[in-house]
Amino acid sequence: LSAARARGKRLLVPREPPRARSQDPGVPPLPRQGQASRARPFSLLQDGQTFTYRPARGLAVGDPRSAAAGWAFPFPGVLLLEDFLSRAEEAELVRAMDQDPWKPSQSGRRKQDYGPKVNFKKQKLRAGCFIGLPSFSQDIVKRMKAHPILEGFLPVEQCNLDYLPERGSAIDPHFDDWWLWGERLVSLNLLSKTVLSMSCESENSIQLFATPRQESEKSDQTGSPQTSQNCKNNNFIPTSACENSDNWDVDHTTPTKLVPCKEVTVAVHLPRRSLVVLYGAARYKWKHAIHRKHIEHRRVCITFRELSTEFGLGGKHEKLGKELLDIALSFQGKPV
């Protein structure tokens, strides 16, 4: 050591590898088959990594151009339905929205709100000027409820957002409130494709599993045959199999690796006219965002929210919840 100092050189002392943190409860590990090797610490910071959500397999798969290539982990809580609307239905829906004024919002967005007046900080709300969801949403709500994951979904609020690249439109990583809003967040993506970026601020780690490199580079266009058959008559293509563990194409026999949650971003690609549902871990453990670089053309997003259990049957505010639902589902509303 003294000799190194005398030569004016900096001595690098290897650090002890960090102790592996526990798995984030929002990202459950896969069932193990046979012997499994102990997970080893792994860092992706050098690549500014990304994973891409593969709907038909329910996996977040490492970008083939990064250190995460060949690795994946289960990413539950996302349902993606492609071609939920036809082009004609999309055009008519946007035309109906554009007949009402858009209000300036944050980060270059414009908005139209249909919902109660809420003070989230003080946890207070009232109907205010809210007279219902718009009439053009009635058929959309009826159609989405045909999917098993959206069974019993009763939207009490609708928020339309308008994005333009010229305005630098974006929305920062955030959680939707869960005092008022329930588990399922439903969004309809119109006019252009985009990417929903998911990030996690947990201090825990995610366990990565090996997946065939050639498989990690495939893009999933359709869902599992069973899921497709169940929804065949609903005029949309379901592309989420996150509930089906048989589609988790990972190698249980090779060593696994741990990566800090904070280093992971999962890109959920949203095609034009697709409908996406966030629930469970994707709703409560992962923040979601739309970055400016992913707004290439005008994009309109319609988000529907349901009430939390506190405002449901047997909840603390059941009476108020019923009142708001009766207003919302009249489908006679105008933007508030």
Quiz item: Which condition does LEU196 not pass, out of (1) under 26 Å from ARG272 (Cβ atoms); (2) surrounded by 15 or more Cβ atoms within 10 Å (Cβ to Cβ); (3) modelled with pLDDT under 95, if it passes all the others?
Solution: (3)
Quiz item: Of all residues in the stretch 310-336 being over 24 Å from the mean Cα position of the chain (by Cα) and of a type in the set (Asp, Glu), which is nearest to ASP98 (Cα to Cα)?
Solution: ASP326
Practice problem: Using the structure shown, decide if SER107 is among the hydroxyl-bearing types (Ser, Thr, Tyr), modelled with pLDDT of 95 or more, surrounded by fewer than 16 Cβ atoms within 10 Å (Cβ to Cβ) and in a loop (DSSP other than H, G, I, E, B). | Solution: yes
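Can you say whether LEU307 is over 15 Å from the mean Cα position of the chain (by Cα) and modelled with pLDDT of 95 or more, as far as the supplied structure shows?
Taking the combined requirement at face value, the residue satisfies it.
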Quiz item: Out of the stretch 266-322, which residues are among the β-branched types (Val, Ile, Thr) and more than 28 Å from ALA88 (Cα to Cα)?
Solution: VAL266, THR309
Quiz item: Within the stretch 65-104, can you find the residues that are over 20 Å from the mean Cα position of the chain (by Cα), buried (at least 18 other Cβ atoms within 10 Å of the Cβ) and in a strand (DSSP E or B)?
Solution: TRP71
Quiz item: Here are some residues: LEU270, LEU258, LEU188. Which one is surrounded by 19 or more Cβ atoms within 10 Å (Cβ to Cβ), within 30 Å of GLY315 (Cα to Cα) and either modelled with pLDDT of 95 or more or touching a strand residue (DSSP E or B) at 6+ places or on another chain (Cβ under 7 Å) (or both)?
Solution: LEU188
Quiz prompt | Of residues in the stretch 278-334 being in contact with a helix residue (DSSP H, G or I) (Cβ under 6 Å, 6 or more places away or on another chain) and in a helix (DSSP H, G or I), the one surrounded by the most Cβ atoms within 10 Å (Cβ to Cβ) | solution = PHE311
Quiz item: Are any residues in the stretch 122-155 in a loop (DSSP other than H, G, I, E, B), within 24 Å of the chain's Cα centre (by Cα) and surrounded by fewer than 13 Cβ atoms within 10 Å (Cβ to Cβ), and if so, which ones?
Solution: GLU151, GLY152
Practice problem: Could you tell me which of the residues GLN214, GLN221 is outside any strand (DSSP E or B) and either at pLDDT 95 or above or closer than 30 Å to ALA88 by Cβ (or both)? | Solution: GLN221
Quiz prompt | Residues satisfying the stated conditions in the stretch 160-177, i.e. of a type outside the set (A, V, I, L, M) and either more than 15 Å from the chain's Cα centre (by Cα) or closer than 16 Å to LEU190 by Cα (or both) | solution = ASN160, ASP162, TYR163, PRO165, GLU166, ARG167, GLY168, SER169
Practice problem: Out of ASP176, ASP172, report the one residue that is in a loop (DSSP other than H, G, I, E, B) and modelled with pLDDT of 95 or more. | Solution: ASP176
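The values are calculated or read from the model by the stated rules, or taken from the named source; none is laboratory data. The structure displayed is predicted, hence computed values, not measured ones. Cβ coordinates were reconstructed from backbone atoms using ideal geometry, including for glycine residues, and neighbour counts include every protein chain displayed.
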